[in-house]
Structure formats: structure tokens, C-alpha cells
């Protein structure tokens, strides 16, 4: 039986010389990197200017500069995410000599880019739903801007701190901690019940972060044991010889697993930056980005019909006189804060607001034709109804009051509201993909050494690398399918540890201890940092706004 032995020191038991990590960039590569970086930023600026001009609401110079700064910080988060998490994809191919280090990081960058471009956007909005409802509805307020800057700065600072000491920390963990810190600080400052973070969504996200490293460890360990049972080639389970690349078939397998982890990482982690950028765009330029103006005009009549059918279903269950639109907004907002929607008064409010939304969109003819002045109000009403209807459909007490046909109508209505308010413009995907992809090519050495040398007591074998990365890629892709934000760092590092155990190697106590400490400290540290920044920035913007 394999035992989990923990080394009492730092040094790996093997004295095998590791790969060369000191290769420099070719001058042409540096110029290409700089050109892509500047080109991506320019593309973002031109796209914002074009989108706002198209809807007849070009941004003032000051607002454009403010938006530019916010986008720069958000893209900076993805850039840092890239070079912080690159090691998770490339450490195995570098330490098995399947690819030289400079080639591996560029290869990983390309597949990170492709992963972002192929992503669905589900993870992006699962992150946003952690935020307090009133900050999301008023993201263009001073409090909304303080929120965005606080959580972004906190996540970037914590990522840089852990990267500096070479710890494989999770960017997802840091961002979620930052969001929780802002939400709790907001609740403390407002002292309003239910004004903080969504507890149910927090539990869902944290359970994914907690469960995924266990899946990585156990899955990689079992996979390597299965490989040993059925793949008898002893080369798979021995240390590489010198700097010699692995045999062709094994090399192709390792390059494939590196590509898969990079693609999966881009698809999951890139969406976090997308969600934050959409918050920024909605706050600074709501006329262009608060509604999905790319929805075809032909979809309007179907959406209006579904909205009216949903309104009738809600009105039937209200059992009371329908309220005014303003009263309906207040009732639904309060219900969302308290997460209690199975009440006749809430159904009455949803009936009123759904009819009003349907009437306004029908009058305009399409979302693309909504006047600039009407966009923020319509978007907030659609957002309120979307979130409340989502809770109704998921609530057993609410479902018991509706027929199966009515539940199907509400689900269809919710999907239409989602398409109208939750979307990712193409240029946002491209710029996030560039930031993440280019970030993978910078600063990767520190954490590559940790993953490649300081987790197991022996040198990484071909089989260990393949098992860890196959399990990591599978877990991340599955999580993206269900819109769950997970940590590439934690899954891959746990996978390397599990594969080390399955290969009969021990684990280095100090590294495992430091990784566990980083995992435990990230949430409270990011929460404290973001909460403090939110308090300071909120005070600053209020002083500036009053001046």
C-alpha cells in the first residue's frame, strides 16, 4: 500500500538536475509581445469609443479616462492571473523536458487565449451574483465605483504578494475573497438587513473551491494507479534522463495535457475578468452596455409574448391588487435582499414589473432601439425580475403553487431576460484573452520551480505529469460547464501531490504546509484588504463628489 510520507526538510530527495529556466527572449519576441499588448489596449479604447458613439452617447473626456483606468486595472488582474497561474500548465512539460521553457510558456499563452475565446460566460456572471444587489443595480454610483476598484486592487495585491514568495495561490480564491470583503463592508456600513453578499451563492462558490482540490488529489492518484495497471511502459514512471526529451508518444501526451490545462484555465479564469469588466462598462457607459443591443429585432415579439404569459402566471398567484411600478420595484428588491420570494406580494410585484418591461420593449420594437435615457431604468427592472424569477423557479414552496406549464413559461422568460442583460461583447473577450495569454509569458519561473521541484520528494515523471494535468483539465472544464469558478492552481498542485503519492514518492512537508497556509489565508486576507480599501475609497469618492 502506498503511504503518504512527508519530508521534514525542503530539498527533494532526488539530486537530478532540473530543466533550464534561464533562457531569454529573442529580441523579435519582445517586440511582438509589446505590439500585442499595446494593440490590445488600443483595440479596447477604440471599441468603447465606437460603441458609445453608435448609441448616440459618446463619453466625456473625464469619464473616458476614468473608464480607461478601471479597464486597465481589470486587465491587469487578468495579466497577473496569467503569470501567476502559468506554472500550473507548463511545470509538467518543462520538468519532463517535453518542451523548452520559452516554447512552453508561449504555447500555454496561445491555448489560454483560445480558452477565453471559446468560453460561455456562465462563470463571469456567477462571480457577479456574489455582490450585494443594491451595488449591482447602482454600479454607476460612487459606491459602485469604490466597490470595483477595491475588489480589483485587493485581488491584484494579494496575487502579487503570493507570487513574490513563489506560492501557488489561487487567483479565483483571491477575487472571491475580495468580493466577499466588499460585500461585508457594505453591509456593515449600511447596517441594512440583507445588504451584504448572497449567502446561498457564496456557499455554492466556496463548495466548488473546497471540493475541487480534493478531486484533483484523489483523481490524479487513482488515474496514475490505473495507468500503472494498464500501461506497462516503465519509461512513464521513471525520472527523465538528463535534458533528453521523452519518447515521441509520451511527449505528444504531455504537450496535449499542457494544452488542455491551458485551454481550461483560459475558459474558467478568463471569465472572471469579463464579469468585472462588464460591471465597469455598465457603470461608466450604461447606454451602450447595460442591455444586449446585439439581440435581433425578430426576437422581440417572442420575448414580449413570454413576458406577458409570465405576468399572467404571477398575477394568478398574487391574490391581491397589483401594485404600482415603483411599489413593485421596492417589494422585489427587498425580497431579493432577504432571499424570500414565495409570497403573494412578490408575485404581484413581478406581475406588474413584467407587464411594464414587456410594454416598454414592445413600444421600442427591440433592445437595440431603447433610447439612451431609458436604458439604466429598463436594465435594472429586467435584472430585478430575472433574479427574482430565477429564485421562484428554484424554490420548492413557489413551485408548488405553479403548474408545470407555468414553471416552463417562467424558465423561458428568465432565459430571455438573461440574454437581454447578461452578455459579453466580442472585444471584451479578445482583450481579456490577450491579457491572460500575454501574462502567461511573464514571471512564471518562481511558481514553476515550486510545482516542479518542491511538492514531491522525487523528480516529476512523465506519468505523474500526465495524470495531474489530465485530471486538472477535466475538472476545470466540467466546472466551466456548470458555471462554477474553481482554482486551477489548487487543482493542479493537488494533482501533482496525488500523483507523487501514487508513484511511491513522499511529499515535502514545508511546501505542503505553506500551500495549505496560503489556501487558508487567502480568503480572510483578501476580505480584510478589500473591505479596508472599500471603506477608504468610499470615503474618498464621497469627499470628491461633494466637492
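Bear in mind these aren't lab numbers, they're just calculated from the coordinates by the rules spelled out. Please read these numbers as outputs of a predicted model, since none were measured by experiment. Methodologically, a virtual Cβ is constructed for each residue, glycine included, from the backbone with ideal geometry; neighbour enumeration extends over all protein chains shown.
Placing R0 at 35 angstrom, the Cβ-Cβ distance between residue 338 and residue 404 gives a FRET efficiency of 0.80 after rounding to 0.05. Relative to the longest principal axis of the Cα atoms of the chain, the long axis of helix 404-421 lies at roughly 80 degrees. At 25 °C and 0.890 mPa s, grab the translational diffusion coefficient of the chain from Stokes-Einstein with a Kirkwood Rh over Cα pairs, rounded to a whole number in µm² per second. Translational diffusion coefficient: 100 µm²/s. The length gained by stretching the chain between residue 33 and residue 189 to full extension, at 0.36 nm per residue less their Cα-Cα distance, is 51.8 nm. The angle between the Cα long axis of helix 344-364 and the main principal axis of the chain comes to about 90°, on a 0 to 90 degree scale.
Dimensions of the range 212-315 based on its C-alpha atoms, expressed as ranges along the principal axes with the largest first, amount to 69, 35, 28 Å. Give the angle, between 0 and 90 degrees and rounded to the nearest 10, that separates the Cα long axis of helix 300-318 from the longest principal axis of the Cα atoms of the chain. Tilt of helix 300-318: around 70 degrees. Give me the Kirkwood hydrodynamic radius of the range 297-421 in Å, from all C-alpha pairs, to one decimal place? Its Kirkwood hydrodynamic radius stands at 14.2 Å. Per-peptide packing, taken as the mean over residues of other Cβ atoms within 10 Å, places 46-55, 329-338, 256-265, 112-121 in the sequence 256-265, 112-121, 329-338, 46-55 from highest down.
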